[in-house]
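The block underneath contains the structure these notes are about, expressed in structure tokens.
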Amino acid sequence: MDAATEPGDETLMLAYAAGDVTAFERLYARHRGRLYRFMLRQVHDAGLADELFQDVWQRVIAARGQWQPDAAFSTWLFRIAHNRLNDHWRAQKHRPPAPADGDERAARVPDPHTPERTLSEFEQRRRLQLALDELPEEQREVLTLRLEQELTLEEIGSITGVGRETVKSRLRYAMDKLRTRLQE
């Protein structure tokens, strides 16, 4: 089936709600990578990201009968992910620290470049990650949804439950903070 004849997400979700399990399998295949990367970027822990990722899909399965195509499926999916993350953070009462072995894991990554270049690139990525980690949760989330998931401001607003202008404001503040932090 080529892309022109491939059914849309909303069509697949309606088919799944009507009992077509293969429709769910296609939806899952389309969105699993983006959703998992989003979850991992938010929690910085592969085990926890796996758990939250599975919870989101369980909620999709549980809600299939009530789903209505009022918004794009991906918007609805990431809204569920957003809510699941909020539940997690509320339960934690704080954001967990970066993994203790994060620097060790990064150092084990093979790189064909020179040691100096490798160190420079590593330091740039590390600085960027630290700067991202310092952002308030709301700003980091909209930035991640915009840059990594390539969602529109309207889709991000629908996922996070805020208006388009609030999304724009959070993006602007996040980018300003990143620029300032990275210029230090």
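The values are calculated or read from the model by the stated rules, or taken from the named source; none is laboratory data. Predicted model, so just to flag it, every value in this text is computed and none were measured. All Cβ positions, glycine included, derive from the backbone under ideal geometry; neighbour counts span all protein chains shown. Accessible surface is based on the protein model in full, side chains and every heavy atom, while ligands, DNA and RNA are left aside. Shrake-Rupley method; radii C 1.70, N 1.55, O 1.52, S 1.80 Å.
None of Q129, Q183 is over 14 Å from the mean Cα position of the chain (by Cα), within 22 Å of L35 (Cβ to Cβ), open to solvent by 20 Å² or more (accessible area, probe 1.4 Å) and modelled with pLDDT under 90 except Q129. Here is the figure for the stretch 1-57: residues that are of a type outside the set (S, T, N, Q), open to solvent by 20 Å² or more (accessible area, probe 1.4 Å) and under 30 Å from A100 (Cβ atoms) total 15. Among residues of the stretch 144-160 that are within 14 Å of Q42 (Cβ to Cβ), those with a Cβ under 6 angstrom from a residue that is part of a loop (DSSP other than H, G, I, E, B) and not polar (S, T, N, Q), sequence gap 6+ or separate chain, pair up as L145/L151. Scanning the stretch 141-184 for residues that are farther than 17 Å from S74 by Cα and either small (G, A, S) or touching a Phe, Trp or Tyr at 6+ places or on another chain (Cβ under 7 Å) (or both) gives G163, S169, A174. Residues that are in a loop (DSSP other than H, G, I, E, B) and either at pLDDT below 75 or over 23 Å from R34 (Cα atoms) (or both): does the stretch 113-125 have at least one? Yes, the stretch 113-125 has at least one match.
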